[in-house]
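To start, the structure itself, in structure tokens.
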């Protein structure tokens, strides 16, 4: 099932299995999906409420039920991203460091974390836009680097020391 939400940064398509959010994308990221709403399931009302609060510049005090699919590593990365507070950022390296501590392993590649984050199907709610590269590099956001910057600014993050890679 799909549902459309008109955000200040462009239309968003929300996917659900009827009980959980399974995907949330800026519609222009999708190439093979009809962006028309197909269902008015209660889960979509929860998603709309969450998005309304978020785009008003506030942190929602709830998260609709989410269904994250993928490997154990991917679910772990998504869990860490989900825990990044509104208005804060983490680097891919910091996430890798958390995983090495949790798993008691000597090393985890920041690049592996970035690859997993790039497969996040539930953007915004699982805030991969809050993950940045070393030294403030704004890399790796499927919705586009300009949107990533606007999302961080919406959350009150001072982005003056961040930089966007050349196009």
Open item on the list: Nearest 10 degrees is fine. How inclined is helix 92-103 to the longest principal axis of the chain, computing both from alpha carbons?
Closed with: 80 degrees
Open item on the list: Per 0.36 nm of contour for each residue apart, how much would the distance between residue 82 and residue 17 grow if the chain were fully extended, relative to their Cα-Cα spacing?
Closed with: 21.4 nm
- [ ] Starting from the Cα of residue 73, step 7 Å toward the Cβ, then list every residue of the range 116-134 with an amide N under 15 Å from that point.
- [x] 116-120
TODO: For an R0 of 35 angstrom, estimate the FRET efficiency from the Cβ-Cβ distance between residue 40 and residue 164 and round to the nearest 0.05.
DONE: 0.40
Open item on the list: Only Cα pairs within less than 10 Å get springs; with that Gaussian network setup on the chain, which residue of 23, 140, 79 has the largest fluctuation?
Closed with: 79
Task: Percent antiparallel among DSSP beta bridges (both partners in the chain, rounded to 5) - done: 70 percent
Task: the chain: angle of helix 145-154 to the longest principal axis, Cα-based, in degrees nearest 10 - done: 80 degrees
Task: Which of 129, 88, 107, 3 has the fewest Cβ neighbours within 10 Å, and the rest in rising order - done: 107, 88, 3, 129
Open item on the list: I need the Kirkwood Rh of the range 2-55: take the reciprocal of the average 1/r across all distinct C-alpha pairs and report it in angstrom.
Closed with: 11.1 Å
TODO: For the chain, build the convex hull from the C-alpha positions and give me its volume per residue in Å³.
DONE: 117 Å³
- [ ] Measure nothing fancy, just the Cα-based angle from helix 72-82's long axis to the longest principal axis of the chain, in degrees from 0 to 90, nearest 10.
- [x] 80 degrees
- [ ] Fewest Cβ neighbours within 10 Å first, please rank 32, 6, 61, 48 accordingly.
- [x] 32, 61, 6, 48
Task: Coarse-grained scattering of the range 72-154 at q = 0.12 Å⁻¹, given as base-10 log I(q)/I(0) from a Debye sum over alpha-carbon atoms - done: -0.30
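Just so you know, all these numbers are worked out from the coordinates, no wet-lab data involved. Treat the numbers as computed from the prediction; the structure is a model and nothing was measured. FYI the Cβ positions are ideal-geometry reconstructions off the backbone, even for glycines, and counts take in every protein chain you see.
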